[in-house]
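The structure appears right after this line, and notes come after that.
What follows is calculated from the coordinates using simple rules that are stated; it is not laboratory data. Keep in mind that this is a model prediction, so the values were computed, not measured. Neighbour counts run over all protein chains shown; Cβ positions are idealised from the backbone, glycine included.
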Amino acid sequence: MSSQENIQPIEEHLQVIPSELEIIKQDFEKRSSELEIIKQDFEKRSSELEKKIEQLEEEKIQLGSDVDVQKLEAEKMRKGKSKAEEDLGSLKIYYKKLRLSIRTIGLGKISEQWRQEIKEENIRADQWEKKFQDA
């Protein structure tokens, strides 16, 4: 083989190499571009998730405040219920004492007893009226 013949395949080989390098370069640029798009999408999603996390944290704080308010209201209601039950107990005791007093002084008569007493008082009133008319 002559040196001329050796040079020609090397030149052909060297011509093929740049085209392969060009293909590799284009592939690299394409993948680089795709990675940039993926990176931008990731950053966008990351930003959206950060906003969502902030929103959820705000809701959590608000719900915590609502729970605290509900606890305070429930405690207030329990205290009010206890006071009402206490007052009811006092009223029952007072009512029992009042009923006992009414019976003791004779105001607790049944209606038949009242009718009888009224009848007797009417008879006495008639007797007095008669006496005044006779006089």
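The table that follows gives values for the structure above.
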| item | result |
| --- | --- |
| Hits among aspartates and glutamates - C-alpha to C-alpha of Lys76 under 18 Å, sequence gap 8 or more where chains match | Asp66, Asp68, Glu85, Glu86, Asp87 |
| Lysines with Cα under 24 Å of Lys51, excluding same-chain neighbours fewer than 8 positions away | Lys39, Lys60 |
| Estimated vicinal HN-Hα couplings, Hz - the range 87-95 in sequence order (Karplus 6.51, -1.76, 1.60; Gly, Pro = x) | 4, 4, x, 4, 5, 5, 4, 4, 4 |
| 11 Å beta-carbon shell around Ile53, net charge (K/R +1, D/E -1) | -3 |
